[in-house]
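Working notes, structure below.
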Amino acid sequence: MLTFFRRLSLGAVGLVLTAVALAQDNVVNIYSSRHYQTDEALYSGFTKRTGIKVNRIEAGEDALIERIRNEGARSPADVLVTVDAGRLWRAEQLGLFQPVKSALLESRVPESFRDPGGHWFGFSMRARVIAYNKDKVRPGEVQSYEELAEPKWKGRVCMRSSTNIYNLSLMGALIDHLGEQKAEAWAKAVRANLAQEPKGGDTDQLKAVAAGQCDVTVSNQYYYARLARSQKADERKVAERIGIVFPNQKTWGTHVNISGAGVLKHAPHRDAAVKFLEYLASDEAQRYFADGNNEWPVAPNVKLDNPVLNALGEFKRDRLNVAVLGRNQPSSQKIYDRVAWK
Ligand SMILES: [Fe+2]
């Protein structure tokens, strides 16, 4: 690991030599925005199976994309692991990935969870659920994203900022299902229903709901699961006050997204990189990858031993290809801007 960092800090001439040296090593270099406990088991599991050593650099999602851009053709990175199809789509638009054709990946990763061109693949699924305060909202009182726009929720909704990728992707789905006009009307009405100006992340919205600052919000399910499984009693209390709804079960299904990865365009170890993606689709890795962040595996018939997710049960998910969420991103941001959802 140390030598890897040292190599990265070398000058231009050194980097050319480094690329050659790296290409000869039996390693794969991974840039990841994940940092969960189960990732250790994931990487050592890969090495055990293939004999390929894993070097990794962890940083924030956007920082990694920026870094790969700056490194250009001399980047030592083979694989980018990151969250949200919108972000993978952005990386693809920047030309950072190369296409991968793998029968194994195509059979293990459902079609709607991968780029049609093979530039990236989803390896775990997250759902954007509705969370409500159980003291203030009856079960069944809100069953769809669309209902959050109804006047009865005036002053009762918390939402995070529209610049956040999760809300951009949610809007991407709404645009596809409702059309731009109705999607904008939705955003305008939800904006008018806000109890407070958007601030903080999903966990902050959940805490605000539990504290009674607002009655409903939307959040990725793993933030709720983290609270419910927390070592801290006060965090578990937050989860206890909250009810979870999988929206749109009677219509197009709950909006889902992915954590995923792709092989980088200038990957010095292309074969090892493809093997790593194929490993991520295996039963063993699917469990590590999903459970590390309280997400669901994407491969068929992989069962999780996660009490909170299992208690939430099965649900109907949106079948829209997640690449569309990325493609709709510019329109999504424009809609949020037009309705002044900050
Ligand atoms: Fe997140």
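Numbers at a glance
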{"read-out": "Residue list for region 289-301, restricted to those being at pLDDT below 95 and within 20 Å of residue 111 (Cβ to Cβ)", "value": "289, 290, 300, 301"}
{"read-out": "So residue 9, is it at pLDDT 95 or above, among the small types (Gly, Ala, Ser), open to solvent by 50 Å² or more (accessible area, probe 1.4 Å) and away from the ligand (no atom under 16 Å from the Cβ)", "value": "no"}
{"read-out": "Answer residue from region 60-74, given it is in contact with a strand residue (DSSP E or B) (Cβ under 7 Å, 6 or more places away or on another chain) and within 16 Å of the ligand (Cβ to nearest atom) and is least open to solvent (accessible area, probe 1.4 Å) among those", "value": "64"}
{"read-out": "Every residue from region 75-105 that is within 15 Å of the chain's Cα centre (by Cα) and either open to solvent by 10 Å² or more (accessible area, probe 1.4 Å) or within 16 Å of the ligand (Cβ to nearest atom) (or both)", "value": "81, 82, 83, 84, 85, 86, 87, 88, 89, 90"}
{"read-out": "Test for residue 118: is it open to solvent by 10 Å² or more (accessible area, probe 1.4 Å) and not acidic (Asp, Glu)", "value": "no"}
{"read-out": "Those residues of region 279-306 which are open to solvent by 30 Å² or more (accessible area, probe 1.4 Å) and either out of contact with any Ser or Thr (no Cβ under 6 Å at 6 or more places or on another chain) or among the β-branched types (Val, Ile, Thr) (or both), in sequence order", "value": "283, 284, 287, 296, 300, 301, 303, 305"}
{"read-out": "Hits in region 161-182 - residues which are touching a residue at least 40 places away in the same chain (Cβ under 8 Å) and either within 16 Å of the ligand (Cβ to nearest atom) or surrounded by fewer than 22 Cβ atoms within 10 Å (Cβ to Cβ) (or both)", "value": "161, 162, 163, 165, 166, 167, 168, 169, 170, 176, 177, 180"}
{"read-out": "Those helices (runs of 4 or more DSSP H) lying entirely in region 191-251 with at least 2 residues away from the ligand (no atom under 16 Å from the Cβ) and open to solvent by 30 Å² or more (accessible area, probe 1.4 Å)", "value": "233-240"}
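The values are calculated or read from the model by the stated rules, or taken from the named source; none is laboratory data. Computed from a predicted model, the values in this text were never measured in an experiment. When we count neighbours, we look across all protein chains shown, and the Cβ atoms used for this are built from the backbone with ideal geometry, even at glycine. What goes into the accessible areas is simple: the full protein's heavy atoms, side chains included, and nothing from ligands, DNA or RNA. Shrake-Rupley method; radii C 1.70, N 1.55, O 1.52, S 1.80 Å.
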